[in-house]
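Heads up: the structure comes next, in structure tokens.
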Amino acid sequence: MLRASAVIGLFLATTPALGQTGAQPAPEPPGIQDNSFLVEEAYNQDPHVVQHINSFSRSWDGSAWNYTFTQEWPLGGQTHQLSGTFPFLALEGAEGTAHGLGDLAVNYRYQWIGDGEARVACAPRLSLLLPTGSYRKQLGAGGLGLQASLPLSVVLAPRWVTHGNLGATFVPSARSASGERAATRSFNLGWSLIWLAQVRLNLMLETVWARAETAVGAGLAAHQETFFLSPGIRWSYNFKSGLQIVPGVAFPIGLGPSKGDNALFLYLSFEHPFGKPTK
């Protein structure tokens, strides 16, 4: 979240079925769910449904980019969810562009309030950040970290949904590029508004702010603020097998401290059933 290139889903749109005398109405195609881009939604995966999420962002004026792959699994039901996030980065620096694996995240999320069918949903998340990225190339923090996030989703009207995020990250022993250690604390806020134009077509407006710290010396940390407004669109393809494919595109626009750091954001999700539900 330090640059536009590193800015790293949502809602089940339902339409009332119309009854017909003597005939069973055709089921509505599944809407788009768990597919937000920059702002985390508060809906865990349905039981026996796995999701594979790909996202890619690239700086509009530069060579920096960020690709992440996330896989989400329900743990026995919708209440508990486990996921892993694998980032691959290209960051511009004084010595050129550094490429490589970033810090992996192992995420647990608890469906505290509601679900994808509720008007209000909340699903707190706790993540363990593993120091797999090179701190010398500034691709990782250089130490184990913890991240907590509180996503809240609210259905405002039949075709309007909003999401809010509040998050914090703590790395007690981060490393600078020269290997010196310092504790870092970072914070982020996010908000989005989704218009369900059609059951399989959504228009999105997301905004994210972050204050991120990095180690710069022994016991010393520097911070950087970022602020982006991101209009986007997503749509879905549904198959009889239960597979749903959701592509999307957005254009994060840097404002305030991020003015001029515009980017292109691409999204691609695959969601499908696995295993056999217990009867």
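The values are calculated or read from the model by the stated rules, or taken from the named source; none is laboratory data. Note that the coordinates shown come from a computational prediction; the quantities given were computed from them, not determined experimentally. Here the Cβ positions follow ideal geometry from the backbone for every residue, glycine too, while neighbour counts run over all protein chains shown. Surface areas here come from the heavy atoms of the whole protein model, side chains and all, with no ligands, DNA or RNA. Shrake-Rupley method; radii C 1.70, N 1.55, O 1.52, S 1.80 Å.
Stretch residue 63-residue 198 to full length: gain in nm at 0.36 nm per residue minus the Cα-Cα span?
Using 0.36 nm per residue and subtracting the Cα-Cα distance, I get 45.0 nm.
Could you state the accessible area per residue of the chain in Å², with a 1.4 Å probe and every protein chain left in place?
50
Leaving out ligands, DNA and RNA but keeping every protein chain, what accessible area does residue 97 have, in Å² rounded to the nearest 10, with a 1.4 Å probe?
60
Could you give the dipole magnitude of region 145-255 about its Cα centre, charging the beta-carbon of Lys and Arg +1 and that of Asp and Glu -1, in debye to the nearest 20?
Using Cβ point charges on Lys, Arg, Asp and Glu, region 145-255 gives about 340 debye.
Calculate the FRET efficiency for residue 154 and residue 233 from the Cβ-Cβ distance with a Förster distance of 22 Å, rounded to the nearest 0.05.
0.55
What length, rounded to one decimal in nm, is gained on full extension from residue 110 through to residue 82, with 0.36 nm per residue of separation minus their alpha-carbon distance?
9.2 nm
Could you compute how much accessible surface residue 52 exposes when probed at 1.4 Å, giving the result in Å² to the nearest 10?
Taking all protein chains as shown, residue 52 has close to 40 Å².
From the phi of every residue in region 225-235, what ³J(HN,Hα) in whole Hz does the Karplus formula 6.51 cos²θ - 1.76 cosθ + 1.60 yield, where θ is phi - 60° and glycine or proline is x?
Residue by residue, region 225-235 yields 9, 9, 8, 10, 10, 9, x, x, 9, 9, 8 Hz.
Need one value: the accessible area of residue 214 in square angstrom, 1.4 angstrom probe, rounded to the nearest 10.
60
For the pair residue 120 and residue 274, how long in nm is the line joining their label points, each one 7 Å along Cα→Cβ?
3.3
How high is the relative contact order of region 60-209, in percent, counting Cα pairs under 8 Å that sit 6 or more residues apart?
14
Using the Karplus equation 6.51 cos²θ - 1.76 cosθ + 1.60 (θ = phi - 60°), what ³J(HN,Hα) coupling, rounded to whole Hz, does each residue of region 155-160 give in order, writing x for Gly and Pro?
For region 155-160, the Karplus-derived couplings read 7, 7, 7, x, 10, 10 Hz, x marking Gly and Pro.
Select one label from (i) 36, 20, 16; (ii) 31, 19, 18; (iii) 26, 25, 19: the one whose number is semi-axes √(5λ) of the Cα gyration tensor in Å as derived from the coordinates shown.
Here semi-axes √(5λ) of the Cα gyration tensor in Å agrees with entry (i).
Considering only protein heavy atoms and a probe of 1.4 Å, how much of the accessible area of the chain is carbon and sulfur, as a whole percent?
64
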